[in-house]
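S.K.: This is the structure, below, for whatever I ask next.
The values are calculated or read from the model by the stated rules, or taken from the named source; none is laboratory data. Just so you know, these numbers come straight off a predicted model, no measurement behind them. Here the Cβ is made from the backbone with ideal geometry for all residues, glycine too, and neighbour counts use every protein chain on show. For accessibility, only protein heavy atoms count, side chains too; no ligands or nucleic acids. Shrake-Rupley method; radii C 1.70, N 1.55, O 1.52, S 1.80 Å.
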Amino acid sequence: MDKTLVVLAGPTAVGKTVCGIEIASHFKTEIISADSRQIYRETTIGTAVPSPEELALVHHHFIQTISLTETYNASIYEHQVLDRLSQLFEKHDLVLMVGGSGLYIDAVCRGIDDLPSIDPAVRNNLLKRFEEEGLETLTRELLKLDPVSYHRVDLRNHMRVLKALEVSIQTGKPYSSFLSATRKERSFRILRVALNMDREILYNRINLRVDKMMESGLLSEVEQLQHLRSYRAMKSVGYRELFKYLDGELLLEEAVDLIKRNSRKFARKQLTWFRKEDRYQWYSPDNTQQIIHWIEEQ
RNA sequence: GGUGCCAUAGCUCAGUUGGUAGAGCACAGGACUGAAAAUCCUGGUGUCCCUGGUUCAAUUCCUGGUGGCACCA
């Protein structure tokens with residue numbers, strides 16, 4: 001029988017955790033988290049990791065397994081998940097992946113190309129040049145080193161330009177030469193389910209959840225992470241706003257409002273990501289039985 | 001009660017020497033192969049408070065209302 005990976009995606013606060021646990025329980029299987037923030041050990045409240053009770057119901061993987069201080073990315077995630085999946089498929093015919101990080105989901109479902117690791121000196125030098133000389137000199141350099149990428153990447157997005165440049169400089173070969181047009185083949189079947197609900201209800205859930213996070217002590221969680229705030233993952237919604245409060249840039253009330261607003265934006269962006277992928281089967285989170293039924297039919 | 005100021009997008013406000021209007025935020029849509037909860041792009045959604053007048057034409061000027069704010073009583 002074919003092994004199947006069922007992906008359960010959706011915007012933040014839509015109810016993926018509860019729905020996922022129900023589905024996984026029904027199929028007596030385990031859950032792979034596809035959440036680029038819940039993977040960090042040091043953050044709990046602001047990233048809305050499943051509660052200890054929820055985690056006891058179904059075995060979860062990739063929840064709070066690494067430190068903020070480690071480098072992590074979609075490619076590492078891809079390889080780790082594939083390893084874990086091959087183990088899980090020895091025991092289960094179906095494994096559930098639950099999360100809202102579109103890039104991480106895609107890394108597992110279609111793969112991303114392997115790139116050489118970058119010398120921190122190369123990266124830091126480029127960052128410094130970006131700050132001192134601006135984006136334009138870097139895009140001009142990209143035109144010389146990798147004209148294909150120059151015409152392909154968003155030249156107004158410094159991250160894209162820096163990525164292409166750092167690979168080209170590091171290897172002496174154009175970044176574009178590392179990218180293949182074909183997706184990687186997987187040895188398992190993939191079914192995709194996405195959750196959504198009325199926008200207004202979703203926004204209310206987001207606002208409510210932020211209030212609950214504050215009641216649960218998000219502020220003290222953030223205070224205790226002050227010494228780690230230079231790490232990239234600390235730019236997450238909920239943390240960066242409260243750092244601004246701690247810096248005296250915002251009133252607490254303003255910071256909380258901003259967390260709500262940025263969470264809503266994030267939810268919209270997630271929906272954009274999942275919408276472009278037309279293979280998603282869309283459901284409301286309270287239709288778990290329908291979802292299970294659909295999975296069984298496939 | 002009197003005087004003065006204000007009334008324009010969901011909010012805060014700009015503006016039109018008279019030709020039906022635009023910023024920020026909100027909101028909406030999109031891009032995205034190693035920071036992805038990141039980063040980047042696009043879109044104005046409007047009885048310009050109401051009434052009457054002047055005018056070819058009023059959101060703009062004038063009259064009278066209404067509401068808000070300030071000061072004086």
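S.K.: Whole Å is fine, so just give me how far the alpha carbon centre of segment A:131-146 lies from that of segment A:13-28.
M.R.: 46 Å
S.K.: Loop-only GluC sites (Glu not before Pro) in segment A:198-261, please: DSSP not H, G, I, E or B, and at most 14 other Cβ atoms within 10 Å.
M.R.: Loop-located and lightly packed - A:Glu249.
S.K.: Also, I was wondering about something else. Taking square-rooted eigenvalues a ≥ b ≥ c of the alpha carbon gyration tensor, is chain A rounded, prolate or oblate, where a/c under 1.5 means rounded and, failing that, a/b exceeding b/c means prolate?
M.R.: Oblate, because a/c is 1.5 or more while a/b does not exceed b/c.
S.K.: Taking the Cβ of A:Asp154 as the center, what net charge do the other residues with Cβ under 12 Å away carry, scoring Lys and Arg +1 and Asp and Glu -1?
M.R.: That sum, taken over residues with Cβ under 12 Å, equals +4.
S.K.: Leaving ligands, DNA and RNA out of it, report the carbon-plus-sulfur percent of the accessible area of chain A at a 1.4 Å probe.
M.R.: Ligands and nucleic acids excluded, carbon and sulfur give 49 percent.
S.K.: Do any chymotrypsin sites (Phe, Trp or Tyr not before Pro) in segment A:224-298 lie in a DSSP loop with no more than 16 other beta carbon atoms within 10 Å, and if so, which?
M.R.: A:Tyr231
S.K.: Mind checking segment A:243-294 for trypsin sites (Lys or Arg not before Pro) that DSSP puts in a loop (not H, G, I, E or B) and that have at most 12 other Cβ atoms within 10 Å?
M.R.: Loop-located and lightly packed - A:Arg279.
S.K.: Can you run phi through the Karplus equation (6.51, -1.76, 1.60; θ = phi - 60°) for segment A:83-96 and list ³J(HN,Hα) in whole Hz, with x for Gly and Pro?
M.R.: Calculated HN-Hα couplings, in order: 4, 5, 5, 5, 5, 5, 6, 6, 9, 10, 7, 10, 10, 9 Hz.
S.K.: For a quick check: with amide H placed at 1.01 Å from N, whose amide H comes under 5 Å from A:Arg189's, ignoring anything fewer than 5 positions away on the same chain?
M.R.: For A:Arg189, the qualifying residues are A:Lys3, A:Thr4, A:Leu5.
S.K.: Using a ≥ b ≥ c from the Cα gyration tensor of segment A:154-298 (square roots of the eigenvalues), is it rounded, prolate or oblate, where a/c under 1.5 gives rounded and otherwise the larger of a/b and b/c decides, a/b for prolate?
M.R.: Because a/c hits 1.5 or more and a/b fails to exceed b/c, segment A:154-298 counts as oblate.
S.K.: In the structure shown, do any of A:Lys212/A:Lys260; A:Lys16/A:Lys269; A:Lys3/A:Lys269 have a Cα-Cα gap over 19 Å, and if so which?
M.R.: Flagged as over cut-off: A:Lys3/A:Lys269.
S.K.: Once you list every other residue whose beta carbon is under 15 Å from the beta carbon of A:Gln226, what net charge do they have if Lys and Arg are +1 and Asp and Glu are -1?
M.R.: On the way: positive: A:Arg229, A:Lys235, A:Arg240, A:Lys244; negative: A:Glu42, A:Glu221, A:Glu223, A:Glu241, A:Asp247, A:Glu249.
Cβ neighbours under 15 Å give a net charge of -2.
S.K.: Using amide H atoms built 1.01 Å from N in the peptide plane, name the residues 5+ places from A:Gln281, or on other chains, whose amide H lies under 5 Å from its own.
M.R.: A:Arg192, A:Val193, A:Ala194
S.K.: Same structure, new question: Mind ranking A:Arg232, A:Arg156 by accessible surface for me, highest first, 1.4 Å probe?
M.R.: Ranking A:Arg232, A:Arg156 by accessible area, largest first, yields A:Arg156, A:Arg232.
S.K.: Leaving ligands and nucleic acids out of the surface, order A:Met97, A:Met197, A:Met159 by accessible area at 1.4 Å, largest first. Present the calculation step by step, with values, prior to reporting the outcome.
M.R.: Details: A:Met97 0, A:Met197 40, A:Met159 125 Å².
From most accessible down to least: A:Met159, A:Met197, A:Met97.
S.K.: HN-Hα J couplings of segment A:287-298 from phi, Karplus 6.51/-1.76/1.60, θ = phi - 60°, integer Hz, Gly and Pro as x?
M.R.: Here the 3J(HN,Hα) series is 9, 4, 4, 4, 5, 4, 4, 4, 4, 5, 6, 6 Hz.
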